[in-house]
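Here's the structure we're looking at; comments come further down.
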Amino acid sequence: MVRMSTAPDLTLDGSTGLERAARNKLMMGLFIPLQQGAWSPSTAPRGTHWGFEYNADCTVRAEELGFDLVFGLAHWLPKGGFGGKMEFRENTTDPLLVTAALAPLTRNILLISTVHILYRWHPVMLAKFAATLDHMSHGRWGMNMVTGFRPVESRMFGMDQFEHDLRYKMAEEFTEMTIQLWEGKEELNFKGQFYKTERGWLSPKPVNGRPIIVNAGSSGAGLEYAAKYSDLLFITSPTGHDPAKACAALPDYNKKVKAVGKKYNRNLKTIINPHIICRETEKEARDQARAIVEHQDREATDNYFATFSGGDQASWKNTNRDDWVIGGNVHLIGSPEQIVDWLVKLNNAGCDGVQINFYDFLPDLEFFGDRVLPLMKQAGLRC
Ligand SMILES: Cc1cc2nc3c(=O)[nH]c(=O)nc-3n(C[C@H](O)[C@H](O)[C@H](O)COP(=O)(O)O)c2cc1C
């Protein structure tokens, strides 16, 4: 049985979810574990589950703890997922459908779904789905518009993979039409190179003009696309999982990204994706990190690493294979005080938010809420 959030209604002042998130010095999101094994190809004990009830519990609890958003990624994997004995990510649910069901369970939190817009969607259809989800959530829904970077996925949809920059050209046209449908007051006749519509129409319009748009590209073309359209950009550390190296490299990277946004008069907010392992003491946290790595599923880790270190995407380069057992991007491991120190450093390095993964989601989230969040408030990161 899923339960509804008991958080107070924060929308009564008329604010949007994005406005409420931006009141905090550091926005806070939770990566929900829609994929079997979440981010970590390890069999170390945990209760994390890809099923809807578990993800609903994570989302409701994240809202009650004051998180600004939850986010679901999307993968299209062949049989066995990333393989290994654990068949890492074999079961995955669809974030569009899951966020639809999360909408009436929550009041305040932003619900962001990944959509591979080039996998056979038409803008008229996606604009309608998006407007519907936006109404169901009273303006709290957002879309991570991705182009897909894995040839195996394109082939699953009966297509050869489009060349890298062409994908962003197609995405741009797709997004232009989608926005015109969301915002237009008249029927739309659109004749692009890739997408067309005659008398395209959408009603109701989204609640706040348009749903929140998120992107996660890192290449030149990806950043240009993100800068033109998105409210939030998921970034990765250009130097991999080590937080010290990340905090040294991120100021320049964030400056670069935000400068691209300024070209289009947009104030692009960046969100990085740390995996947090927090315990009362650093030793306990490091023991837990070691246990996760020791229980790695070697075959799944090899395949997972090969996927993310390969291909023509630019987000996940400069990483080590073993760091993928814990997964995610920057690894923050330590006591509550140490975690908050790192979060302050990431914020000082220009990151506007964090999108957090855990290993054992529900208990780790609870511990985070109990021990880390109060310290984040003391440090001025959260109101
Ligand atoms: C935090 C984060 C989450 C992402 N989620 C997805 C996802 O769910 N599905 C997907 O295909 N790509 C996702 N991406 C994007 C790809 O990993 C990759 O960065 C992008 O397709 C490549 O764009 P680029 O060529 O501009 O680097 C995500 C990226 C980041 C940083």
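The values are calculated or read from the model by the stated rules, or taken from the named source; none is laboratory data. Note that this is a predicted model, so its numbers are computed, not measured. Please note: Cβ atoms are built from the backbone with ideal geometry, for glycine as well, and neighbour counts cover all protein chains shown. Surface accessibility is based on the protein's heavy atoms, side chains included, excluding ligands, DNA and RNA. Shrake-Rupley method; radii C 1.70, N 1.55, O 1.52, S 1.80 Å.
Worth a mention:
- Against the test of being among the basic types (Lys, Arg) and part of a helix (DSSP H, G or I), the options Arg20, Arg46 yield a single qualifying residue, Arg20.
- The sole residue among Phe52, Phe88, Phe82, Phe67 that is touching a residue at least 40 places away in the same chain (Cβ under 8 Å) and under 30 Å from Ala379 (Cα atoms) is Phe67.
Table: residues versus (1) in contact with a strand residue (DSSP E or B) (Cβ under 9 Å, 6 or more places away or on another chain); (2) among the hydroxyl-bearing types (Ser, Thr, Tyr); (3) within 15 Å of the ligand (Cβ to nearest atom).
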{"residue": "Pro95", "(1), (2), (3)": "yes, no, yes"}
{"residue": "Thr99", "(1), (2), (3)": "yes, yes, yes"}
{"residue": "Asn108", "(1), (2), (3)": "no, no, no"}
{"residue": "His116", "(1), (2), (3)": "yes, no, yes"}
{"residue": "Trp121", "(1), (2), (3)": "yes, no, yes"}
{"residue": "Met125", "(1), (2), (3)": "no, no, no"}
{"residue": "Trp141", "(1), (2), (3)": "yes, no, no"}
{"residue": "Phe149", "(1), (2), (3)": "no, no, yes"}
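- Evaluation of Asn254 against (1) surrounded by 13 or more Cβ atoms within 10 Å (Cβ to Cβ); (2) closer than 16 Å to Asp352 by Cα; (3) out of contact with any Cys (no Cβ under 7 Å at 6 or more places or on another chain) (one fails), failing number: (3)
- Residue tally, condition of a type in the set (Val, Ile, Thr), more than 30 Å from Lys191 (Cα to Cα) and assigned to a strand (DSSP E or B), over segment 69-125: 2
- Restricting Ser15, Ser42 to residues that are among the polar types (S, T, N, Q) and free of Cβ contacts under 8 Å to residues at least 12 places away in the same chain narrows the list to Ser15.
- Residue check for Gly353: within 16 Å of the ligand (Cβ to nearest atom) and free of Cβ contacts under 8 Å to residues at least 60 places away in the same chain: no
- Top-ranked residue of segment 266-302 - restricted to ones that are under 22 Å from Lys256 (Cα atoms) and open to solvent by 30 Å² or more (accessible area, probe 1.4 Å), ranked as farthest from the ligand (Cβ to nearest atom): Asn267
- The listed residues are Glu90, Glu63, and the only one of them that is crowded, with 22+ Cβ neighbours inside 10 Å, more than 14 Å from the ligand (Cβ to nearest atom) and at pLDDT 95 or above turns out to be Glu63.
- Considering segment 135-186, the residues that are in contact with a helix residue (DSSP H, G or I) (Cβ under 9 Å, 6 or more places away or on another chain) and polar (S, T, N, Q) include one that is surrounded by the most Cβ atoms within 10 Å (Cβ to Cβ), namely Thr178.
- Flag for Pro238 being more than 13 Å from the ligand (Cβ to nearest atom), in contact with a helix residue (DSSP H, G or I) (Cβ under 8 Å, 6 or more places away or on another chain) and in contact (Cβ under 8 Å) with a residue 12 or more places away in the chain: no
- Listed here are the helices (runs of 4 or more DSSP H) enclosed by segment 264-383 that have at least 2 residues being more than 20 Å from the chain's Cα centre (by Cα): 282-294, 298-309, 336-348, 361-367, 373-378.
- The number of residues in segment 66-87 being farther than 20 Å from Asp297 by Cα and either open to solvent by 40 Å² or more (accessible area, probe 1.4 Å) or of a type in the set (Gly, Ala, Ser) (or both) comes to 4.
- Per-region count, segment 303-339, residues surrounded by fewer than 21 Cβ atoms within 10 Å (Cβ to Cβ) and within 11 Å of the ligand (Cβ to nearest atom): 8
- Considered as a group, the residues in segment 218-235 that are open to solvent by 10 Å² or more (accessible area, probe 1.4 Å) and part of a loop (DSSP other than H, G, I, E, B) include one that is farthest from the ligand (Cβ to nearest atom), and that residue is Asp231.
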